[in-house]
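Please read the structure below before turning to the comments.
The values are calculated or read from the model by the stated rules, or taken from the named source; none is laboratory data. Here the structure is a predicted model, which means the values were calculated and not measured. All Cβ positions, glycine included, derive from the backbone under ideal geometry; neighbour counts span all protein chains shown.
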Amino acid sequence: MNLAMGKERGFMELGRALPPARDPKERINDFKEIYLEPGYELANEQATRCMDCGVPFCHSGCPLGNKIPDFNDAVYKENWAHAVEILSSTNNFPEFTGRICPAPCESSCVLSINKNPVTIEFIEKSIAEKGFELGLIQAQPPVTRTGRKVAVVGSGPAGLAAAAQLNTAGHWVTVFEKQDVIGGLLAYGIPDFKLEKWVIERRVRLLEEEGVVFKTNVHVGVTMSADELKADFDAIVLCCGAEVPKELPIEGHDLKGIHYAMDYLVQQNRRVRGVEVQEEPILATGKHVIVVGSGDTGSDCVGTANRQKAASVTQIARMYEPPRQRHDHNPWPQVPMVMQTSSSHEEGCNRTWAMLTKAFVGDAQGHVKGLIVADLQCEESVAGKRYFEIEGTERELPCDMALVAIGFAYTQPKGLLEQLGITLDEYGSILADTRFQTNVEKVFTAGDARRGQSLVVWAISEGREAARAVDEFLMGTSALPSKNLSVLDLMAW
Ligand SMILES: Cc1cc2nc3c(=O)[nH]c(=O)nc-3n(C[C@H](O)[C@H](O)[C@H](O)COP(=O)(O)OP(=O)(O)OC[C@H]3O[C@@H](n4cnc5c(N)ncnc54)[C@H](O)[C@@H]3O)c2cc1C
Ligand code: SF4
């Protein structure tokens, strides 16, 4: 039984508060994180809003099963060492999730039934940063080694979590990454204004001190064969992400000036890292930019285009404008289907909804100059939603550059997966059983490669669970922790 809970009526005395963000006018002049230094006093104050519910819904809302009321209590009591210990027991990388998690735990926080939820994500970031500041988060190499060797392919959050856990269990772990830097989409994809890259480098240094070996610029299946990998390692964990983007197959999609969001975002990540961009530069400076797609990736394109001083930024969504408040059919503790305004939107963006993208229009040089759109109407029936174009609404929007950010379809099937003979599911993701085992002996998988495009917190969760399954496979039993994900958890959301 949890006998935590510091201040009994904190939630009645205090409202939700977050540290101030930098002024949008100022922050669009650089790529630094948008929040000011973490306020530990604020975290301590906000932690008192936690009611230490008998049934903490926040706990089950978190894919990692973070023990939220317990660390809230430790923060309230300023027992940072205990807070770090509690948080690290379920989350390998709170410094990542504390910055960029959409925080499903906050959506399911009991307070959010009729008040604003506890600032769980901010408290998590505060614990992580205070932990590093006080030297509480340090390398903890395993005391004994099993002599077993595990290869992890892909160094995104799933690969890093799997590597961290398997190393803790005493196995020798090597992480192979085809890029020149460790981190997966955390490093190349997510912009620095959401997650500065020193945060990843700090964690990678710790993992190295703990004994994990990282090999960058190794494209398994291309510069190193799958057979080599199988011969050298006792188990393999495929954490290759879902890299194949969804296409926008409309007329004119191959005109110059139309790019996949990732090609654009990765170039800017490289510039910020000080690495030379080899390809033709994709820059929004002075251009009328249209971002097609309303998710995280689209929002990151908006923030990046504003920092590159685009003439205008328009984001197009196919869906209707979401409501400001939950609908009755979307009750707590479900994830609220309400309007999300990201920090990038606050910086300036013309957001449009229920819009059909019909065709790109080019100029004489084959460069995009416009996008033909029309408004959509939605009809709902028991069979689902059907969208219809509203007659007479067709028009052309000016567009010097378009960024396609409508998501990722599946993991790259060619090369490594072909060589290993991996079976894919109907969506093109790697098929695995509930123990993260693929159809190929000793080959496991985790993260976006298995569940399709998802979230960092799910990638960490899957990496941890897959590590336990690998440990059991190698040793017959495992002392690594598990959240015991349900079949529902294992489906993408
Ligand atoms: C632009 C963008 C913004 C996002 N923002 C957020 C956000 O704010 N919050 C959030 O929770 N989620 C966000 N996401 C989603 C999140 O980043 C992913 O769900 C998460 O990174 C998946 O982790 P992963 O480890 O499974 O794969 P990835 O992070 O994709 O890592 C896979 C790695 O495998 C490597 N690889 C692939 N094949 C090979 C091979 N054959 N050999 C060697 N290496 C290989 C790749 O180079 C890559 O580094 C965002 C995604 C994008 C694209
Ligand atoms: S649901 Fe909210 S109030 Fe209740 S224990 Fe979790 S964080 Fe605290």
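In table form, for the structure just shown:
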| item | result |
| --- | --- |
| Members of segment 436-448 found to be on the phi < 0 side of the Ramachandran plot and over 13 Å from the mean Cα position of the chain (by Cα), listed by number | 437, 438, 439, 440, 441, 443, 444, 445, 446 |
| Of the criteria (1) out of contact with any helix residue (DSSP H, G or I) (no Cβ under 7 Å at 6 or more places or on another chain); (2) part of a loop (DSSP other than H, G, I, E, B); (3) at pLDDT 95 or above, which one residue 267 fails | (2) |
| Residue within segment 215-228 that is of a type in the set (Lys, Arg) and farther than 23 Å from residue 471 by Cα present | no |
| Those residues of segment 138-172 which are in a strand (DSSP E or B) and either in contact with a His (Cβ under 7 Å, 6 or more places away or on another chain) or among the charged types (D, E, K, R) (or both), in sequence order | 149, 150 |
| Candidate set: segment 359-411, residues that are touching a residue at least 40 places away in the same chain (Cβ under 8 Å) and part of a loop (DSSP other than H, G, I, E, B); chosen: the one farthest from the chain's Cα centre (by Cα) | 365 |
| Residues being modelled with pLDDT of 95 or more and assigned to a loop (DSSP other than H, G, I, E, B) - total across segment 18-33 | 8 |
| Selection within segment 425-452 - touching a helix residue (DSSP H, G or I) at 6+ places or on another chain (Cβ under 6 Å) and within 17 Å of residue 483 (Cα to Cα) | 435, 436, 446, 447 |
| Pick from segment 148-177, criterion over 17 Å from residue 209 (Cα atoms) and more than 11 Å from ligand 1 (Cβ to nearest atom), ranking: farthest from the chain's Cα centre (by Cα) | 148 |
| Conditions (1) buried (at least 24 other Cβ atoms within 10 Å of the Cβ); (2) of a type in the set (D, E, K, R); (3) more than 16 Å from ligand 2 (Cβ to nearest atom): number failed by residue 149 | (1) |
| Number of the condition not met by residue 302 [criteria: (1) within 16 Å of ligand 1 (Cβ to nearest atom); (2) surrounded by fewer than 16 Cβ atoms within 10 Å (Cβ to Cβ)] | (2) |
| Sole residue being surrounded by fewer than 17 Cβ atoms within 10 Å (Cβ to Cβ), within 16 Å of ligand 1 (Cβ to nearest atom) and not hydrophobic (A, V, I, L, M, F, W, C), chosen from 246, 309, 256 | 246 |
| Search result, residues across segment 295-337 that are β-branched (Val, Ile, Thr) and in a loop (DSSP other than H, G, I, E, B) | 335 |
| Selection status of residue 90, within 15 Å of ligand 2 (Cβ to nearest atom), at pLDDT 95 or above and in a loop (DSSP other than H, G, I, E, B) | yes |
| Of all residues making up segment 205-234, the number that are in contact with a Lys or Arg (Cβ under 7 Å, 6 or more places away or on another chain) and aliphatic (A, V, I, L, M) | 1 |
| Boolean, residue 241 is within 12 Å of ligand 1 (Cβ to nearest atom), in a loop (DSSP other than H, G, I, E, B), small (Gly, Ala, Ser) and at positive phi | yes |
| One residue from 88, 126, 60, 112 being buried (at least 24 other Cβ atoms within 10 Å of the Cβ) and more than 16 Å from ligand 1 (Cβ to nearest atom) | 126 |
